[in-house]
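Report on the following structure.
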Amino acid sequence: MALVGPTASGKTRVGVALARALGGEVVSADARQVYRYMDIGTAKPTTEERTLARHHMLDVVNPDENYSAGHYADGASAAIESILERNRVPILVGGSGLYLKAALDGFSPLPRTPRAVRERLLDEAVEDPAGVHRRLREVDPVTARRLHANDTKRIVRALEVFELTGRPISVLHEAPSKRPRDWRVEWFGLAMDRALLYRRIEERVDRMITAGLVDEVRELNRLGYSRELNALNTFGYREVFSHLDGELDLAETASRIKMGTRRYAKRQLTWFRKDTRVRWIDTGESDAPAVILKHLDTHQ
């Protein structure tokens, strides 16, 4: 089973409830929860939630380690096979569409990049980051809209693919690909009124600040993990780094995190709404676990 939806829609709570009802285990499908030491800002499942249901694909690598959707696909596939071998139900829970696609649908073949090409593009990105993002907009506007202008690693990768193949990486990702395993997957999505979702996002950011998000980022900095790392150059972390550098007061920090999170939620909804396999559950009007369990019971 795959449980998807925008951030703050309640996926973790519903996933744990389903795992307990079905004798299952949760496989996180979150692009940031794979990193250690990033707990509050990524809204990782709590200790209590991890006690109620076993979780996989959390705290896999350090923030300065290279990690990709391909790495995730390998790890998630191994976790799913292990869960199935123990006659339990794997429940993928998360909002990273690319990671879910990699694990459940597979990737289209993409070219290996010669070191000289990658180093040249990385040098150009260091000298003119706005320029490489502008170039990406010209050759692959779909990917450029999805990537933040500071996401150098992925911008360079997209430019590499275009330079080597003459085709946008967004087009290659949409090409037919072989699934890594022959799994039958039921897809469910959590949705709610946009105003309610945004209010939940704002309340969660406030709770993160109260829970010690600033101290979490301060500790990451002490451990040597800087704001330039791809793992930390994301909403919730880059704003707090700016706060610690004296660029933002705490109120503006929270405001910018809320704005970045809302934008991310919109991108997630756009991604998943295109997937016709997803059966959407309105969590504002129904008991999502009960609705999902009823659907599973009547379609077995």
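From the list VAL156, VAL126, VAL139, VAL161, the one residue that fits, being more than 22 Å from ALA31 (Cα to Cα), open to solvent by less than 60 Å² (accessible area, probe 1.4 Å) and not basic (Lys, Arg), is VAL139. In summary, helices (runs of 4 or more DSSP H) completely within the range 205-300 and bearing 2 or more residues that are within 26 Å of ASN150 (Cβ to Cβ) and open to solvent by less than 50 Å² (accessible area, probe 1.4 Å) occur at 213-222, 238-244, 250-273.
Within the bounds of the range 88-104, is there any residue that is more than 18 Å from the chain's Cα centre (by Cα) and open to solvent by 20 Å² or more (accessible area, probe 1.4 Å)? Within the range 88-104 (the criterion being more than 18 Å from the chain's Cα centre (by Cα) and open to solvent by 20 Å² or more (accessible area, probe 1.4 Å)), the answer is yes, since at least one residue qualifies. Of all residue pairs spaced 6 or more apart or on separate chains, those with beta-carbon atoms under 8 Å, a first member in the range 73-96 that is over 22 Å from GLY5 (Cα atoms) and a second member that is open to solvent by 40 Å² or more (accessible area, probe 1.4 Å) are GLU81/ARG181; ILE83/VAL89.
In this structure, is HIS55 open to solvent by 20 Å² or more (accessible area, probe 1.4 Å) and modelled with pLDDT under 95? The answer is no for HIS55.
Looking at the structure I just gave you, is GLY131 outside any helix (DSSP H, G or I) and at pLDDT 90 or above? Answer is no for this residue. Here no helices (runs of 4 or more DSSP H) wholly within the range 1-117 include at least 3 residues being more than 24 Å from LEU296 (Cβ to Cβ), of a type outside the set (Phe, Trp, Tyr) and touching a Gly at 6+ places or on another chain (Cβ under 7 Å). Within the range 23-33, is there a residue that is touching a helix residue (DSSP H, G or I) at 6+ places or on another chain (Cβ under 8 Å), surrounded by fewer than 20 Cβ atoms within 10 Å (Cβ to Cβ) and either under 20 Å from ILE257 (Cα atoms) or not charged (D, E, K, R) (or both)? Yes: one or more hits. Per the conditions (1) open to solvent by 50 Å² or more (accessible area, probe 1.4 Å); (2) assigned to a helix (DSSP H, G or I), the sole criterion not satisfied by ASN150 is (2).
The values are calculated or read from the model by the stated rules, or taken from the named source; none is laboratory data. Values in this document were obtained by computation on a predicted structure and should not be read as measured data. A quick note on method: Cβ atoms are made from the backbone with ideal geometry, for glycine too, and the neighbour counts reach across all protein chains shown. With ligands, DNA and RNA removed, areas are computed over all heavy atoms of the protein, side chains included. Shrake-Rupley method; radii C 1.70, N 1.55, O 1.52, S 1.80 Å.
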